[in-house]
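Right, one structure below, let's go through it.
The values are calculated or read from the model by the stated rules, or taken from the named source; none is laboratory data. Since the model is a prediction, treat every value here as computed from it, not as a measurement. As a convention, Cβ positions derive from the backbone with ideal geometry for all residues, glycine included, and neighbour counts pool all protein chains shown.
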Amino acid sequence: MVLLEFSMSPLGKGESVGKYISRSLAIIDRSGLDYRLNPMGTVIEGDWNQVFGIVKRCFEAMKKDCSRISVSIKVDYRKGRRGRLDSKVASIEKRLKRKLKT
């Protein structure tokens, strides 16, 4: 399974780009894959083709009206492990013996 964190933003569209980002989140949410939105990007869990397929769909949607796009992607693959969006955080909280802000 893959955890893929990515951030995709249009360039040259001003300071507020929520209009464009929200379209990507609609694609991610409709995908049915587990994900977590954070202030700097989104983490998606699935197999390689699923998660990169979502990134591609987000890119294709954004490029319809954006002539320049910045994309950052980080990938963590671990064979056979599901549910790592929650288990990775739970592991650290267990070690610290307290809940963390997520």
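Of all the residues in region 39-52, those that are loosely packed, with under 15 Cβ neighbours inside 10 Å and within 14 Å of ILE73 (Cα to Cα) number 2. Against the conditions (1) of a type in the set (A, V, I, L, M, F, W, C); (2) over 25 Å from SER9 (Cβ atoms); (3) modelled with pLDDT of 95 or more, LEU33 satisfies every one except (2). Scanning region 75-102 for residues that are at pLDDT below 90 and in a loop (DSSP other than H, G, I, E, B), we see that the one that is nearest to ASP34 (Cα to Cα) is ARG82. When region 40-74 is filtered for residues that are over 15 Å from MET8 (Cβ atoms) and either among the β-branched types (Val, Ile, Thr) or outside any helix (DSSP H, G or I) (or both), the ones remaining, listed by number, are GLU45, GLY46, ASP47. State whether the residues of region 49-63 include one that is over 16 Å from the mean Cα position of the chain (by Cα) and of a type outside the set (Val, Ile, Thr). Scanning region 49-63 turns up at least one residue that is over 16 Å from the mean Cα position of the chain (by Cα) and of a type outside the set (Val, Ile, Thr).
Which residue out of SER22, SER70, SER31, SER9 is over 22 Å from ASP86 (Cβ atoms), surrounded by 15 or more Cβ atoms within 10 Å (Cβ to Cβ) and of a type outside the set (A, V, I, L, M, F, W, C)? Being over 22 Å from ASP86 (Cβ atoms), surrounded by 15 or more Cβ atoms within 10 Å (Cβ to Cβ) and of a type outside the set (A, V, I, L, M, F, W, C) holds for just one of SER22, SER70, SER31, SER9, which is SER9.
For region 56-72, the criterion of being of a type in the set (D, E, K, R) and on the phi > 0 side of the Ramachandran plot is met by no residue.
Residue-level check: of (1) touching a strand residue (DSSP E or B) at 6+ places or on another chain (Cβ under 6 Å); (2) surrounded by fewer than 15 Cβ atoms within 10 Å (Cβ to Cβ), GLY80 misses just (1). Assess whether ILE69 counts as being under 24 Å from VAL17 (Cα atoms) and under 12 Å from the mean Cα position of the chain (by Cα). No, not satisfied.
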